[in-house]
Amino acid sequence: MTKLRERWTADRMPDQDGRLFVVTGANSGLGLATTRALARKGARVILAVRDEEKGRRAVASVTAGGPDDRLEVRRLDLADVDSVRAFADRLRADGVRPDVLVNNAGVMAPPRTLTARGHELQFAANHLGHFALTGLLLDRMAGGTDPRVVTVTSANHRMGRLHFDDLTGERRYSPMGHYNQSKLANAVFGRELHRRLTAAGSPIRSVLAHPGYTATSLQTSAPVAPVRFLFGRLLLPLAQSPDQGTLPQLYAATSPHARGGELYAPGGLAELRGAPVRAELAPRATGPETGERLWRLSEELTGVRFPLPAAA
């Protein structure tokens with residue numbers, strides 16, 4: 001853990017006028033807090049959400065009910081690769097060129113659920129959807145203003161294992177265990193993307209962030225009762241607010257000092273809360289062999305190929 005040059009808050013965020021952000025899961029929790037903070041600094045934000053009506057209500061909460069042409073709602077279901085492709089195709093058709101993609105949305109600890117393509121829901125929504133979205137938008141971002149991909153992982157990535165021989169949990173499924181697997185996949189992806197962008201000489205930065213323990217609907221509305229009781233009730237007094245929890249990803253997305261391939265996290269005890277610091281990724285998230293294996297598998301499962309060479 002390395003402290004930053006200063007105790008960073010949203011007030012220290014540079015002016016974002018002229019920059020366009022795509023934020024997944026922007027209708028609530030960390031995504032909404034990220035959108036609100038960016039809008040205050042003049043950014044344009046596309047709220048990429050599964051439920052457009054919830055997205056419109058989120059916009060109304062940010063703008064106090066008044067119109068704001070800097071905020072736009074578009075439908076995106078990350079668990080459905082066809083939806084991801086349609087979202088990216090619409091942006092391309094409309095001539096939209098994002099400067100920053102914030103891969104924020106997440107699903108936590110549901111009962112074992114498979115998508116229409118047979119993928120485990122958490123791995124599909126948390127990792128595969130963001131992998132595909134990034135690959136489909138990357139060429140649109142290359143000419144942007146300080147372009148970045150920010151992938152939101154979790155401290156739980158350190159407890160995760162990539163069960164390449166049983167990704168769907170057919171033989172053994174644990175709601176939290178497969179959540180941890182998806183968050184490790186986020187971390188591996190963010191680091192491997194950094195390697196490939198660097199090898200290609202791309203101006204795009206791949207940066208990682210995690211929010212610590214933040215009170216969002218992931219905890220309070222978790223579909224599995226023991227998880228909901230533990231994180232949504234018993235431990236909830238220890239949680240920080242979404243406005244505080246979003247600081248690491250805002251720093252990763254906007255600070256000129258944020259470095260590609262690095263993880264930013266709360267600096268308090270056990271990285272649960274506090275101002276952002278530079279934190280360490282789990283060793284299993286940084287190995288190039290694991291990164292290459294997950295990358296090849298993700299390409300196979302999504303059908304999306306990045307316009308990048310493999311890292312040496």
>> Of everything in region 8-31, what is farther than 25 Å from ARG57 by Cβ and either within 19 Å of the chain's Cα centre (by Cα) or crowded, with 19+ Cβ neighbours inside 10 Å (or both)? Give them in sequence order.
In response: TRP8
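With the requirement that a residue be surrounded by 15 or more Cβ atoms within 10 Å (Cβ to Cβ) and over 17 Å from LEU30 (Cβ atoms), what does region 44-55 give you?
Residue satisfying the conditions is ARG44 alone.
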> Restricting to region 163-175, what's the tally of residues that are of a type in the set (A, V, I, L, M) and either at pLDDT below 95 or in contact with a Lys or Arg (Cβ under 8 Å, 6 or more places away or on another chain) (or both)?
Replying inline: 0
> Considering region 139-189 alone, what residues qualify as being among the aliphatic types (A, V, I, L, M) and under 15 Å from the mean Cα position of the chain (by Cα)?
Replying inline: VAL149, VAL150, VAL152, ALA155, LEU184, ALA185, ALA187, VAL188
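Hey, among THR220, THR254, THR216, which residue is at pLDDT 95 or above and among the β-branched types (Val, Ile, Thr)?
THR254
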> Condition test on HIS130, is it assigned to a helix (DSSP H, G or I) and in contact with a Lys or Arg (Cβ under 7 Å, 6 or more places away or on another chain)?
Replying inline: no
> Just wondering, is there one or more residues in region 205-212 that are closer than 25 Å to PHE131 by Cβ, at pLDDT 90 or above and surrounded by fewer than 18 Cβ atoms within 10 Å (Cβ to Cβ)?
Replying inline: no
> In region 1-51, which residues are touching a His at 6+ places or on another chain (Cβ under 9 Å) and without any contact (Cβ under 8 Å) to a residue 12 or more places away in the chain?
Replying inline: none
> Hey, among GLY274, GLY261, GLY268, which residue is surrounded by 17 or more Cβ atoms within 10 Å (Cβ to Cβ) and under 18 Å from ARG158 (Cα atoms)?
Replying inline: GLY261
> For residues in region 144-195 being more than 30 Å from VAL96 (Cβ to Cβ) and among the aliphatic types (A, V, I, L, M), which is surrounded by the most Cβ atoms within 10 Å (Cβ to Cβ)?
Replying inline: LEU184
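The values are calculated or read from the model by the stated rules, or taken from the named source; none is laboratory data. Because the structure is a prediction, the values reported are computed rather than measured. Every residue, glycine among them, receives a Cβ derived from its backbone with ideal geometry; neighbour counts consider all protein chains shown.
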